[in-house]
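The values are calculated or read from the model by the stated rules, or taken from the named source; none is laboratory data. Predicted model only: the values in this text are computed from it and were never measured. Methodologically, a virtual Cβ is constructed for each residue, glycine included, from the backbone with ideal geometry; neighbour enumeration extends over all protein chains shown. Remember, those area values only see protein heavy atoms, side chains included, never the ligands or the DNA or RNA. Shrake-Rupley method; radii C 1.70, N 1.55, O 1.52, S 1.80 Å.
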Amino acid sequence: MPEKPVEPTGSVEPTGAVGPVGPVEPNVRTLDARSLRGLAHPLRIRLLGALRHDGPATASQLADRLGESSGATSYHLRQLAAHGFVEDAPEHGKGRERWWRAVYDGTAFDETLTLDEDPAVRGAADLFLHEIATIHTQELSTWLGNAHDWPTEWRRGADMSDFTLHLTPAQSHELIHKMHDLINSYRDLPASEETKAVRFHTHAFPRGTSD
């Protein structure tokens with residue numbers, strides 16, 4: 001089974017770029033049973049996402065951003081550090097401030113974790129996947145609520161589409177990786193004053209029953 005979902009930092013094609021330059025693979029960590037249990041908490045997933053998308057921050061800054069207490073963010077950041085997802089960013093600190101940064105660009109989920117013999121691992125896998133789906137829904141809802149504030153060019157540059165194809169599992173796997181390669185080919189294009197962080201969500205799943 002393919003490893004998914006991958007949640008790397010965002011990238012966008014700048015104005016004036018001639019197009020993709022070939023796939024640039026992000027630095028991605030594949031979850032195992034232990035690291036999955038360390039990550040599978042709603043606040044930890046959101047803390048890690050915030051550090052990946054917005055860069056290094058302190059526990060207090062993240063608490064303000066996420067509407068949490070600094071005690072909660074500090075505790076869960078330490079737990080993320082214990083499992084190797086975040087680390088200190090001392091170059092940003094002043095005095096006793098403790099800054100954190102993400103260690104990896106993204107996380108890859110191995111579908112075999114949903115079939116693990118340990119029910120705790122299966123439960124962590126279920127929580128992780130549903131939290132990612134919730135975050136995707138919230139991000140899309142936020143965009144729809146704020147789209148009228150953006151220039152026409154950016155509204156034209158957004159997309160909300162769905163397709164139904166008739167594929168074998170192998171063909172679906174192939175298409176998913178082709179889409180990932182295309183997106184990654186835009187990852188290291190030079191930034192400009194007009195670039196913004198752009199989020200791409202991909203969802204692929206069979207319809208109907210499993211029979």
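Brief remarks follow.
- Looking only at segment 95-109, residues that are over 15 Å from the mean Cα position of the chain (by Cα) and surrounded by fewer than 17 Cβ atoms within 10 Å (Cβ to Cβ) come to 4 in all.
- The criterion of at least 1 residues that are at pLDDT 95 or above, of a type in the set (Lys, Arg) and more than 23 Å from Lys178 (Cβ to Cβ) is met, among strands (runs of 3 or more DSSP E) falling completely within segment 8-124, by 99-102.
- Among the residues making up segment 67-94, those that are open to solvent by 30 Å² or more (accessible area, probe 1.4 Å) and among the hydroxyl-bearing types (Ser, Thr, Tyr) are Ser69, Ser70, Ser74, Tyr75.
- Lone unmet requirement of (1) closer than 30 Å to Ser192 by Cβ; (2) in contact (Cβ under 8 Å) with a residue 24 or more places away in the chain; (3) more than 20 Å from the chain's Cα centre (by Cα) for Asp64: (2)
- Residues of segment 163-199 that are under 25 Å from Thr134 (Cβ atoms), in contact (Cβ under 8 Å) with a residue 24 or more places away in the chain and part of a loop (DSSP other than H, G, I, E, B): Thr164, Lys196, Ala197, Val198, Arg199.
- Qualifying residue in segment 150-158 (condition: of a type outside the set (A, V, I, L, M) and surrounded by 15 or more Cβ atoms within 10 Å (Cβ to Cβ)): no
- Summed over segment 106-128, residues that are under 18 Å from Ala204 (Cβ atoms) and free of Cβ contacts under 8 Å to residues at least 60 places away in the same chain total 1.
- Test: residue in segment 165-178 that is open to solvent by less than 100 Å² (accessible area, probe 1.4 Å) and closer than 26 Å to Ala50 by Cα: yes
- Extreme residue, nearest to Glu139 (Cα to Cα), among residues of segment 183-211 that are open to solvent by less than 100 Å² (accessible area, probe 1.4 Å) and of a type in the set (A, V, I, L, M, F, W, C): Val198
- Looking across segment 74-100, the residues that are touching a residue at least 40 places away in the same chain (Cβ under 8 Å) and either in contact with a Lys or Arg (Cβ under 9 Å, 6 or more places away or on another chain) or over 14 Å from Ala50 (Cβ atoms) (or both) come down to Gln79, Leu80, Ala82, His83, Gly84, Phe85, Arg98.
- Evaluation of Ala89 against the conditions (1) more than 23 Å from Asn27 (Cβ to Cβ); (2) over 13 Å from the mean Cα position of the chain (by Cα) shows that the sole unmet condition is (1).
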